[in-house]
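Participant: One structure follows; several queries about it will come next.
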């Protein structure tokens, strides 16, 4: 896909992101590195929002978008390490949310929901 095209799928993104992973790192180590990277990059997003909400700093939208891109890269790599596409991750999440909130989100539905697996 060329840079000029505007329609990207999650699969396209994951494929392009995988071009920047190390082919020399064993999958188990890549999984660990990417999980730690995800935590670190998520922390950077949270830290910026904390400083905005709690310390009066200006909200830097571009910085957040940049950090979210890093979060997405690590999510894509973790999915690749376990042999799943981002398209599948997104589809499974939408299906889960449709079951959880068939009529859309409500506070009542959120408070009354029961998860089979105990996850969030």
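The values are calculated or read from the model by the stated rules, or taken from the named source; none is laboratory data. In this text the structure is predicted, and so the values were computed from the model without any measurement. Quick reminder, even Gly has a Cβ in these numbers, built from the backbone with ideal geometry, and neighbours come from all protein chains shown.
Each row is one residue, and each column tells you yes or no for (1) free of Cβ contacts under 8 Å to residues at least 12 places away in the same chain; (2) farther than 30 Å from residue 113 by Cβ; (3) exposed (fewer than 13 other Cβ atoms within 10 Å of the Cβ); (4) in contact with a strand residue (DSSP E or B) (Cβ under 9 Å, 6 or more places away or on another chain).
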site	(1), (2), (3), (4)
15	yes, yes, no, no
18	no, yes, no, no
30	no, yes, no, no
35	no, no, no, no
44	no, yes, no, no
57	yes, yes, yes, no
62	yes, yes, yes, no
70	no, yes, no, no
85	no, no, no, no
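Participant: Confirm whether residue 103 is surrounded by 10 or more Cβ atoms within 10 Å (Cβ to Cβ), modelled with pLDDT under 95 and over 13 Å from the mean Cα position of the chain (by Cα).
Facilitator: In short, no.
Participant: Hey, another quick one. Looking at 43, 37, which is the one that is under 20 Å from residue 86 (Cβ atoms) and either in contact with a helix residue (DSSP H, G or I) (Cβ under 7 Å, 6 or more places away or on another chain) or modelled with pLDDT of 95 or more (or both)?
Facilitator: None of the others qualify; the one that does is 37.
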